[in-house]
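The next block holds one structure in the form of structure tokens; read it before the comments.
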Amino acid sequence: MSIQEICRAASNTRLGEGLYQLVLDAPQIAAAAQCGQFVHIACGEGNLLRRPISICEAGEGRLRIVFQVKGSGTEWLADRKEGDTLDVLGPLGHGFDTAALGARPVLIGGGIGVPPMLQAAKCAKAAGAAPRAVLGFRNRGAVILEEDFRAVCETFVTTDDGSYARHGFVTDVLQELVADATGVAACGPKPMLKAIAAIAKQAGLPCQVSMEERMGCGIGACLVCACALKAENGETRYGHVCKDGPVFNAEEVEW
Ligand SMILES: Cc1cc2nc3c(=O)[nH]c(=O)nc-3n(C[C@H](O)[C@H](O)[C@H](O)COP(=O)(O)OP(=O)(O)OC[C@H]3O[C@@H](n4cnc5c(N)ncnc54)[C@H](O)[C@@H]3O)c2cc1C
Ligand code: FES
């Protein structure tokens, strides 16, 4: 069930170039949120459509979201100040099923796909699992949430250009971790998700991926977010990323 809540901004912090962390007082949405779900935020009068942003953390009556400024909606979000109010719809979508990932899941985030994996790591740990996180970024300036992940679980960081931590891709680390992993979950760019899904499949591990599509309504009513999925008879069927996803079993996705 989605809730529309008028939320007060508790803080808005710049994390890096074009990267922000917004904490919202959102007691009703925070109480209902599950890892991998998202909120749909009305971003000012000039933006008719709400903008989908993943829940990075939910608890104690607050929601934490982390976003990158892309266009007018996220620019508006970046300008919010403590005490401003925001119209938020959520929690939306189908999140991660961390129980299905077993006792030793590998949780992977790429770039601005990193934030929802923090709540997934906390969720897996709270259920008694020992997750490991792999976070990939373009370069040093794009690194976010590293300390938050380290406080929860063993964490590996890669940068594409080698300017920080390990030079390479998250898939290099995943190849080394699959031997004793029980499942994989990931959020990030589609080519990264596709490569992760292939490694997990080869290793015989369950794999869940959080997909991104442009959205309209956010609640399954407009078809803007259609994504191609495999039907049981081998043909292609279409699902809604907003309602059936954003998290799908990787085997379901028509890459
Ligand atoms: C389920 C989901 C979770 C997301 N979580 C995050 C997150 O945690 N942090 C973050 O920084 N970004 C996230 N995004 C991407 C974010 O929604 C877009 O960057 C944002 O909508 C861009 O809006 P804009 O007005 O700033 O940019 P513009 O490009 O001006 O947007 C124009 C229109 O395109 C839509 N749009 C543009 N890019 C996207 C996109 N990638 N996905 C969906 N709609 C888009 C906008 O909603 C808007 O209607 C997520 C997207 C989805 C689908
Ligand atoms: S955004 Fe309208 S159906 Fe998904």
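Coordinate-derived values only; no laboratory data. Source: prediction; values computed, not measured. In this analysis, Cβ positions are derived from the backbone assuming ideal geometry, glycine residues included, and neighbour counts consider all displayed protein chains.
Details
- On the beta carbon distance between Ala99 and Ser72, with R0 = 41 Å, the FRET formula returns roughly 0.55.
- Taking every DSSP bridge with both residues inside the chain, close to 65 percent are antiparallel.
- Percent of Cα pairs exceeding the 16 Å cut-off, where the set is the range 3-92: 46 percent
- For the chain, a simple Cβ point-charge model (Lys and Arg +1, Asp and Glu -1, everything else neutral) yields a dipole of about 80 debye relative to the Cα centre.
- Cα-based reach from Lys70 at 18 Å (exclusive), listing lysines while leaving out same-chain residues under 8 positions away: Lys190
- Cα centroid of the range 122-150 to Cα centroid of the range 1-62, whole Å: 20 Å
- Ranked by how many other beta carbons lie within 10 Å on average, peptides 185-191, 46-52 from highest: 185-191, 46-52
- Whichever aspartates and glutamates have a C-alpha closer than 19 Å to that of Lys81, once near sequence neighbours (fewer than 8 apart) are set aside: Glu5, Glu17, Asp25, Glu45
- Here the simple spin-label model places points 7 Å from the Cα toward Cβ, and for Arg138 and Arg14 these points are separated by 1.7 nm.
- Proxy reagent accessibility, fewest Cβ within 10 Å first, across Phe67, Phe169: Phe169, Phe67
- From the C-alpha gyration tensor of the range 63-120, square roots of 5λ in Å: 28, 14, 10
- In the range 98-210, the ratio of gyration radius to Kirkwood radius, Rg to Rh, stands at 0.93 when only Cα atoms are counted.
- Here the Gaussian network model covers the chain, with springs between Cα atoms less than 10 Å apart; of Leu177, Leu89, Leu101, Leu177 fluctuates the most.
- Label-to-label distance, Gln175 versus Glu251, with points set 7 angstrom from Cα along the beta-carbon direction: 2.5 nm.
- Here the alpha carbons of the range 161-213 define both size measures, Rg and Dmax, at 11.6, 33 Å.
- Over all pairs of different C-alpha atoms in the chain, the reciprocal of the mean inverse distance, the Kirkwood hydrodynamic radius, equals 18.3 Å.
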